[in-house]
Amino acid sequence: MSTVTTPAPVERRESLDFIRTIVKEQTQDGRYNGRVVTRFPPEPNGYLHIGHAKSICLNFGVAEDFGGICHLRFDDTNPETEDMEYVEAIQRYVRWLWFDWKDKLFFASDYYEELYDFAERLILDGKAYVDSLNEEEIRQYRGTISEAGRPSPYRDRSIVENLDLFRRMRAGEFPDGAHVLRAKGDLAAANMKMRDPLLYRIRHATHYRTGDAWCIYPMYDYAHPISDAIENVTHSICTLEFENNRAIYDWLLDSLFNEPRPHQYEFARLVLDYTIVSKRKLLQLVEEKHVKGWDDPRMPTLAGLRRRGYTPEGIRLFAQRIGVDKTNSRVQIDLLESAIRDDLNARAPRVMAILRPLKVTIANFPEGKTEWLTADYWPRDIDKEGTRDVPLTREIYIEQSDFSETPPDGWTRLRPGGEVRLRHGYFLRCDEVVKDPATGKVVELRCTYDPDSAGKPSGAARKKSAAVQWVSAPLSIPAEVRLYDRLFTVPDPEDVEPGKTFKDYLNPNSLEVLQDCRLEPSLDAAQIGERFQFVRQGYFIVDPDSRPDALVFNRTIELKEGFQAPGREEPAPNAAIARSASRATESSATPTGADNATGSVSQQRERARAANPSLAQRYEYYTNVLNLTPEQADVLTGDVAVADFFDAAVSRHANPRALANWTANEVVRELRGRSIDQLPFGGVELAELVQLIDQQAITNAAAKTVFAEMLANGGHPAAIVKRLGLDQSLSEADLAAAVDQVLAAMPAKVAEYKGGKTALLGMFTGQVIKATGGKASPQAVQELLKQRLDNGAN
RNA sequence: UGGGGAAUAGUUUAAUCGGCAGAACAGUUGACUCUGGAUCAACCAGUUGGGGUUCGAAUCCCUGUUCCCCAGCCA
């Protein structure tokens, strides 16, 4: 049997994630002429892990979905940490996931010359300078999050001097740290990243690709955006912690390139329960021998997962199912495991293996006889065919856990005097239990089989007994089987108690090696990397440690447990405890009632009133005389222009309450940064609109339409109403017709409504109002709808 | 404490214009089964709190709360 070697089709999500939504819009509006170019930009200084898999699936997946391409670019701008070994490993695992970068393999180090030229151009444009402060001084000068930075004394060097210095930096005239190239950003920027970010530093180090050709190296914030632009990337997708860096990204590309240029979008990185992905910590696990290496099957590296037996398809399925969003989240391990099982279920042939053997002698089976029974590789529900023969002999092994002297309720396996089916074979009855007199441990079962029961239905009496796996004692083959459990005992190993480290949460039982396992003989020729389901136990893969006649299997994952045998040790009981504990911590934070508003926006308005007595007076007037709520008055008096707008409205139409609502809710929302007097209409026009509502000349819904029109093009409400034909001239007959038409068009929904789903009334209402062009009044519509629907008249 | 982000079932996520809160995983129950698997069916369960606008709010307005990121010559 060999495992399938083409990617299985992966299920699709029905809706687009926010990145794909953006890409779709932009391909449709032609911004990039329909081009979609993404990139996966690893730094070759470590191994890929499950978190990278999410990013790979996103970047390559988006390209695939929109007929574009994803570049594989190594972001190798730090000579001290990078290595060719990682470059190769990374390529290997991207390919393993079945992704293809075609001929688009790039290295930032190939752009060093170009990058350098752009830097000179920035200098020439007066946008970058050589700073000669040392590292500590630069930190000092940068300020903190609450205080602005100060300009470096070297910030105003002349272009000529900057150019000269920068060229000499390149020429190797200075030692490490003597100078850096910095962008002229904004030292007072609240975004720390914009306080004159470093572009180049001096490093007399040998680069794994460029050797000693360079002694200045670009920083990520400089190299990354320009590399994207050089490659004509359209969508540069990265994780959330780079959100602040986007300001540099945009600043740099706007300085150097024209639209359409690349743009950066950020998504939330994967955080998986019971897993760490920090390079430093992973390295520590390897170096301190908590695991056997980078590809230890307990490691979250792609190397580890592969060796464990996880499939690329399963991992892609997992990525598909967790989706992409900007919410920081923790994914339960079940989601991953379930995806892997789903994939393996359809592709791993079933075989019989005994992990913890219990000897069974079948008393009525002739000594020396071997009966070959035909066994299917696949269960009925899998659409695949294939069989092999398994030998039955007088002495066999079954799983220790399939026998119990004192079984609990609901036990379907073997018990003294009880029966089970030998899978693919006969029924077996346990007649006698043989124990070690010294320990009292069960060492053998004496049984008899029913020679007439092979291949026949179990019958009612035997229906609820299990069908257990077994192997011939003399004809089975030995194997080592390695059982893995989660590496950590807590969901979040990085969330450590004081005085502890993540290593204190290592699961001591994460690996269990079974030496005395017995496999059915068909497994004799199993190849490294082949996957099987050991019936009723889980999915297993042949480990590279295997030698001829000394097979080693890794348990990829257990089958979903439908029944937990009592007495069987649960390896990670702390899991449930830890989980409920973490939940308790989460919910222990009880919201406290807010006394005084301290939000910055409300503070600004308060400050405005404090600074301007006229606003303060108006606040009093609005609350005391016009009877507005404090909240309304607050919003209206935070800005003179807004208050003026409102006053103008009130003087035109004396309904302060309604005008306040419109101003505070609808008008303010549309400002979005601009001042209220930049709107194409004023308070007077708003008042005219409200007056039309008050006079019942138009409905509220129609008023919203008019408002949108005023917003777009200005104009007088009455004129717009006329132009749009929104006068409330809907006759009762017209309304009734609209209602009937809507109901007739949706018989299924009507039935649902009558079945009790009254929430549909809103939907019907909306439909009718739309059908009448906003002319119908909601109250009238709903009254009529209820009449029609509740009378049950058909 | 400044700036930037994010809050929808236990978990990960959907929800065109303001109009039916929909899935998957987990859990529970049942059917089926020569895997206590798979499959099928059903159930459980949700809009971060408080106000407001509206006939109608996850969605709009106001106001709280919580969480994440930023002060590397790392990426």
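The values are calculated or read from the model by the stated rules, or taken from the named source; none is laboratory data. Please read all numbers here as calculations on a predicted model, not as lab measurements. Note that each Cβ is placed from the backbone with ideal geometry, even for glycine, and that neighbours are counted across all protein chains shown.
Is at least one residue of segment A:300-312 more than 29 Å from residue A:379 (Cα to Cα), more than 10 Å from RNA strand B (Cβ to nearest atom) and either of a type in the set (A, V, I, L, M) or surrounded by fewer than 19 Cβ atoms within 10 Å (Cβ to Cβ) (or both)?
Yes, there is a match, as at least one residue in segment A:300-312 is more than 29 Å from residue A:379 (Cα to Cα), more than 10 Å from RNA strand B (Cβ to nearest atom) and either of a type in the set (A, V, I, L, M) or surrounded by fewer than 19 Cβ atoms within 10 Å (Cβ to Cβ) (or both).
Identify, please: which residue in segment A:79-115 is of a type in the set (S, T, N, Q) and under 21 Å from residue A:301 (Cβ atoms) and is, among those, surrounded by the most Cβ atoms within 10 Å (Cβ to Cβ)?
A:91
Filter segment A:720-761 for residues that are within 12 Å of RNA strand B (Cβ to nearest atom), part of a helix (DSSP H, G or I), surrounded by 12 or more Cβ atoms within 10 Å (Cβ to Cβ) and free of Cβ contacts under 8 Å to residues at least 12 places away in the same chain and give the result.
Within segment A:720-761, A:752, A:760 qualify.
Keeping to segment A:434-477, report how many residues are of a type in the set (D, E, K, R), in contact with a Ser or Thr (Cβ under 8 Å, 6 or more places away or on another chain) and either at pLDDT 95 or above or more than 10 Å from RNA strand B (Cβ to nearest atom) (or both).
Summing the residues that are of a type in the set (D, E, K, R), in contact with a Ser or Thr (Cβ under 8 Å, 6 or more places away or on another chain) and either at pLDDT 95 or above or more than 10 Å from RNA strand B (Cβ to nearest atom) (or both) in segment A:434-477 gives 2.
Given the structure, is residue A:651 part of a helix (DSSP H, G or I) and within 12 Å of RNA strand B (Cβ to nearest atom)?
So residue A:651 does not fit the description; no.
Which residues, counting only those in segment A:313-339, are within 7 Å of RNA strand B (Cβ to nearest atom) and β-branched (Val, Ile, Thr)?
Filtering segment A:313-339 down to residues within 7 Å of RNA strand B (Cβ to nearest atom) leaves A:321-332, A:334-335, A:338.
Matches in segment A:313-339: A:322, A:324, A:327, A:331.
Among the residues of segment A:174-211, count how many are among the small types (Gly, Ala, Ser) and more than 9 Å from RNA strand B (Cβ to nearest atom).
Counting residues in segment A:174-211 that are among the small types (Gly, Ala, Ser) and more than 9 Å from RNA strand B (Cβ to nearest atom) gives 5.
May I ask you to say which residue of A:707, A:681, A:646 is more than 14 Å from RNA strand B (Cβ to nearest atom) and touching a Leu at 6+ places or on another chain (Cβ under 8 Å)?
Working: A:707 fails: more than 14 Å from RNA strand B (Cβ to nearest atom); A:646 fails: more than 14 Å from RNA strand B (Cβ to nearest atom).
Within the list A:707, A:681, A:646, the selection yields A:681.
Kindly list the number of the only condition in (1) in contact (Cβ under 8 Å) with a residue 60 or more places away in the chain; (2) assigned to a loop (DSSP other than H, G, I, E, B); (3) more than 26 Å from residue A:367 (Cβ to Cβ) that fails for residue A:496.
Condition not satisfied by residue A:496: (1).
Look at residue A:768 and say whether it is farther than 29 Å from residue A:661 by Cα and surrounded by 15 or more Cβ atoms within 10 Å (Cβ to Cβ).
Taking the combined requirement at face value, the residue does not satisfy it.
Check off (1) farther than 30 Å from residue A:275 by Cβ; (2) within 14 Å of RNA strand B (Cβ to nearest atom) for residue A:494 and give me the number that stays unchecked.
(1)
Among the residues of segment A:765-794, how many are more than 8 Å from RNA strand B (Cβ to nearest atom), in contact (Cβ under 8 Å) with a residue 24 or more places away in the chain and in a helix (DSSP H, G or I)?
8
Out of segment A:379-415, which residues are under 17 Å from residue A:455 (Cβ atoms) and either exposed (fewer than 12 other Cβ atoms within 10 Å of the Cβ) or within 9 Å of RNA strand B (Cβ to nearest atom) (or both)?
Within segment A:379-415, A:379, A:380 meet the criteria.
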